[in-house]
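The values are calculated or read from the model by the stated rules, or taken from the named source; none is laboratory data. Only a predicted model underlies this, so the values are computations on that prediction, with no experimental measurement involved. Note: ideal-geometry Cβ built from the backbone for every residue, glycine included; neighbour counts use all protein chains shown. Note: accessible area is taken over every heavy atom of the protein model, side chains too, but ligands, DNA and RNA are not part of it. Shrake-Rupley method; radii C 1.70, N 1.55, O 1.52, S 1.80 Å.
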Amino acid sequence: MQSCLARIENEVIAIFLTTNSTMQNWDSYIFDETIHFEEKALQVFQYQYEHNEVYHRFCETLNVTPGTVSELNHIPLYPVRGFKEVSILTDKDDADSDVTFKSSGTSDMRRSIHRIKDPEIYRKSILKGIRNFYNLDEMVIWACTPGYNENRDSSLIWMLNTLIEQDETGLSRYLPVDEQIQLDDVKKVQEKGKKILLFGAAFGLMDYLENHESVRLPRGSIVMETGGMKTHRREMSREYMHKKLAKGFGVDRLQVHSEYGMTEMLSQAYAQGGAWFTSVPWLRIITKDPAHPRQSLDHYEEGLLGVIDLANVHSCSFLLTGDKGQTRKDGKFQIFGRWNPDNLRGCNFLVDYE
Amino acid sequence: MAKPEDRLSALIDSIDRWLAKDNRHLQRAITQTVDNEYFSFEDVRHSLQVLNEELTRENLVSWGEKAGLFEQEGISDNVLCLHAGNLPLVGFQDALATLLSGARYTGKISTKDPFLLPTFLNEVKKTDIWSGSDVQWVHRLDDLHKMLCDAVLFAGSEQSVPRVKEKISNLEMEKPGTRYLTRTAHFSVAYLDQQDEETLKHLTEGILRYGGKGCRSIAVVVSPSKLDDLRDQLEEQAGAFWKVNPQHETPGGFLEYRWAYNESVQRKQLWLEDFLYQEEGFEFDHDFILYWKQGDEEEVAELADQWSHQVQSIYLPDGSESVIPGYEHETEPLSEAQAPSIDWKPDGVDTLSWLLENS
């Protein structure tokens, strides 16, 4: 009787997996907001469990199978460092894209490599995602990304190219690092009745302000910092940096926003004038206990940020980052920087603990 | 101020009384430490045994001579020792060096090891040389508010050092010229060019003693052999070690996670339930993991250069003739990984010399 039931169960799973593995329209499915996030995530999990051999080995070692997963919290999150060590691709045989994203890094640092099977998914994720937060039709995109420009495989540059190309006015562009923003250029944007959405890595924008005169962007413009606050040159609080950016670009403090993204993710989250980020609908951020990464933490508990990014359907959607943060009930989250383990080998006098 | 020779003799008397088998205070402290689950009985016993063997007149005189102790009267500084104990009595050497130097000892006893060290300090206070104001300690740093200190000794991570200094400053304990001896090394490396049973036994002790938590604990092994070549022997040695020294603290679920991750990237590893040995993939973000790298002496030197301030000691098997380029005079015998001599130098600095020379 038992073996009969097991056979039926296996057949049901097999039928499902056949359907799942042959799904050709993942891009429509994952962005379909009429389907619950949980339902889509479980589908993607089954697909990746079956077709991503790296993730499969990971789950198998943890004794996790589609049969043992009935809710999101059961899905193991794969450490993002995996992107530095192996090729993480679902349906490897089917991969014919030549788009590969690489994180920036010095020569002695291993870089994350994210192979993209279907760049259209990323394009859709970028454009559909940002439209959840901003009316692109009213905006001109400017980008100030020194350093990143040299990394031809940067996913951030790919995103900015996508945003610049979608603007039909021709006013969207990269700002040359060594050139002052001209008032005439600002005027041209104003004359078109548009605002500026100025993207830039935190240190790039700060460098710009250090080397050039302050400017006043058109009313309603947004300065969007994309992270990278800690560099070899300086380390500063986010609050302080936002204040400086607001002053330097002539916008209100609340018009300085942040974007959260990484090479290993194809979706973004945005913080619109505060510390709390809101994810696009096909991205969910959760927190995990660093000592027990399979255990989810409650809202407002500080832990490792976990990512469920459905746009990663062809690589791995379930990721454990090295970032520290917290979530709240409405799905928003905050980032507190990198997780620094305190209690390592060797004696460590900790002020808070001792 | 008492002569250095007299201080040394008084300390030896204190140590003898402290380590005497009928010292009920120490026995009680051991019981409290074990009952409160700070450390296992086996680890406390090991730590005391090592001190018992090392704290001889001969060894202390030798340390004093090397440090120039007998060439001067001593120092009258107030030395603050911040003890952070990942293992039992880890701050003992700092306290002893301070007392030998002639300085006044002010200690912040470790929250993780609150009972053991005070039993020694109480014995010191019974002597004619040190009064209550010369040897004092607290369990909360805040209780030392405005207690000005000339020197501060402590160990910490590179991230924690600035915060400790800030705290000392905020508590108004700093004065112009207060000097700090900070140690940031947090793991050790062994070069394994021999595979006999005794060597593997020493290696296992070096890895697993205190749950691998000491800065002298071996976190990295470099060997001409692959991990797979010694898998069975290492597993057997770990089993034998734990039979006598059950691991006090067990790792959280992260270790299983790391194991699964290693499987996913097809990394060679040895899963020991409470410990994980893995080939390369260095990420010093968690305890309970030993990293194995196939390589020669050059490889050891390269890694030590790369991790510079993080590496505490480099060990060679007893009798090994290997030479680590650039570290010819800095290697230690593998058998002493968890049994350091009393004059060993944390982060390469002799604490007693530092106190005497920098006063």
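For this structure, a couple of remarks:
- Angle in degrees between helix B:24-35 and the longest Cα principal axis of chain B, rounded to the nearest 10: 40
- Over all pairs of different C-alpha atoms, region B:4-184 has a mean inverse distance whose reciprocal, the Kirkwood radius, equals 16.9 Å.
- Short-range pairs are left out: with C-alpha atoms under 8 Å and at least six residues apart, the relative contact order of chain B is 19 percent.
- Of the residues B:43, B:143, the one with the largest accessible area comes first in the ranking B:143, B:43, computed with a 1.4 Å probe on protein heavy atoms.
- Taking all protein chains as shown and a probe of 1.4 angstrom, residue B:331 keeps an accessible surface of around 40 Å².
- Largest accessible area first, the residues B:180, A:260 order themselves as B:180, A:260 under a 1.4 Å probe with ligands, DNA and RNA left out.
- Among the trypsin sites (Lys or Arg not before Pro) within region B:237-346, not one is in coil by DSSP while having at most 10 neighbouring Cβ atoms inside 10 Å.
- Accessible-area composition of region A:118-281, carbon plus sulfur, in percent [1.4 Å probe]: 46
- Alpha-carbon centroids, region B:1-52 and region A:129-183: separation in whole Å: 67
- Annotation for region B:80-101 versus region B:223-258: alpha-carbon center distance of 30 Å.
- Largest to smallest accessible area among B:210, A:240, A:55 [probe 1.4 Å]: A:240, B:210, A:55
- For region A:31-103 versus region A:268-287, the spacing of their alpha-carbon centroids is 21 Å.
- Here's the picture: charge each Lys and Arg Cβ at +1 and each Asp and Glu Cβ at -1 in region B:1-52, and of B:10, B:29, B:51 the one pushed furthest to the positive end of that dipole is B:10.
- Here is how the number arises for chain B: DSSP H runs of 4 or more residues each give -39500 (n - 2.57), the sum is divided by the residue count, and the result at 222 nm is -12000 deg cm²/dmol.
- The listed peptides A:152-165, B:272-285, ordered by packing as a protection proxy, come out as A:152-165, B:272-285 (highest mean of other Cβ atoms within 10 Å first).
- Sequence-distant lysines (8 or more away, or on other chains) whose Cα lies within less than 27 Å of residue B:213: A:288, A:324, B:108, B:112, B:165, B:167, B:201, B:226, B:243, B:268, B:293, B:345
- Angle of helix B:231-244 to the longest C-alpha principal axis of chain B, folded into 0 to 90 degrees and rounded to 10: 40°.
- A DSSP coil position with no more than 14 other Cβ atoms inside 10 Å describes the following GluC sites (Glu not before Pro) in region B:160-243: B:172.
- Stokes-Einstein diffusion coefficient of region A:119-270, Kirkwood radius over Cα pairs, 4 °C, 1.567 mPa s, in µm²/s: 83
- In degrees, nearest ten, helix B:92-101 long axis to first principal axis of chain B (Cα): 40
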